[in-house]
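A short worksheet on the structure shown next.
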Amino acid sequence: VHLVESGGGLVQAGGSLRLSCAASGRAFSNYAMGWFRQAPGKEREFVAGINWSGRSTEYADSVKGRFTISRDNAKNAGYLQMNSLKPEDTAAYYCAARGIVAVTASNEYPYWGQGTQVTVSS
């Protein structure tokens with residue numbers, strides 16, 4: 001499955017962005033989806049995950065209550081709604097796909113997008 005992220009940009013602290021992940025190739029509904037991020041000089045970290053059906057989601061503690069992951073299998077797309085953004089959310093954001101259950105370990109995801117940059121100014 002081929003993944004392409006979009007929706008990143010520059011936003012002030014407290015603002016919102018919605019990232020999208022467009023999937024093509026194999027049926028997107030066969031895969032769980034995860035969002036990860038990587039800031040300069042830091043390791044890639046799990047942000048949020050959603051299983052193949054959308055009925056189960058998981059979030060990193062740092063984004064709980066601010067970010068919402070969702071998907072639309074009919075459109076072969078996934079989303080990450082980011083509200084109340086903070087400067088520490090600044091990073092390149094990646095969507096990834098695997099199996100049918102989302103997990104937090106990045107090395108469990110065989111399919112990755114190219115990333116989209118999110119910059120939050122203070």
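Worth a mention:
- Stokes-Einstein diffusion coefficient of segment 1-94, Kirkwood radius over Cα pairs, 25 °C, 0.890 mPa s, in µm²/s: 181
- Computed about its Cα centre, the charge dipole of segment 43-114 is approximately 280 debye, with only Lys, Arg, Asp and Glu carrying charge at their Cβ.
- Of all accessible heavy-atom area on the chain, the percent that carbon and sulfur account for (1.4 Å): 47
- Inter-site label distance for Ala22 and Thr104 at 7 Å from Cα along Cβ, in nm: 3.3
- The residue among Pro110, Tyr79, Phe46 whose Cα reaches farthest toward the positive pole of the charge dipole of segment 41-122, with charges on the beta-carbon of Lys, Arg, Asp and Glu, is Tyr79.
- Counting only Cβ charges, +1 for Lys and Arg and -1 for Asp and Glu, the dipole size of the chain around its Cα centre is about 240 debye.
- Comparing Gly41, Gly54, Gly25 in a Gaussian network model of the chain, where Cα atoms under 10 Å apart are tied by springs, the biggest mean-square fluctuation is seen for Gly41.
- Computed across segment 16-60, the Kirkwood hydrodynamic radius from all distinct Cα-Cα pairs reaches 12.1 Å.
- Applying a DSSP loop filter and a limit of 14 other Cβ atoms within 10 Å to the trypsin sites (Lys or Arg not before Pro) in segment 39-122 leaves Lys42, Arg55, Lys64.
- Label-point separation in nm, Ser84 to Ala60, each point 7 Å along Cα→Cβ: 1.7
- Length added when fully stretched, Ser121-Leu10, from 0.36 nm per residue minus Cα-Cα: 39.2 nm
- The residues of the chain have, on average, 50 Å² of accessible surface per residue, using a 1.4 Å probe with all protein chains present.
The values are calculated or read from the model by the stated rules, or taken from the named source; none is laboratory data. Note that the coordinates shown come from a computational prediction; the quantities given were computed from them, not determined experimentally. When we count neighbours, we look across all protein chains shown, and the Cβ atoms used for this are built from the backbone with ideal geometry, even at glycine. For the accessible areas, the whole protein counts, side chains as well, though only heavy atoms, and no ligand, DNA or RNA atoms are used. Shrake-Rupley method; radii C 1.70, N 1.55, O 1.52, S 1.80 Å.
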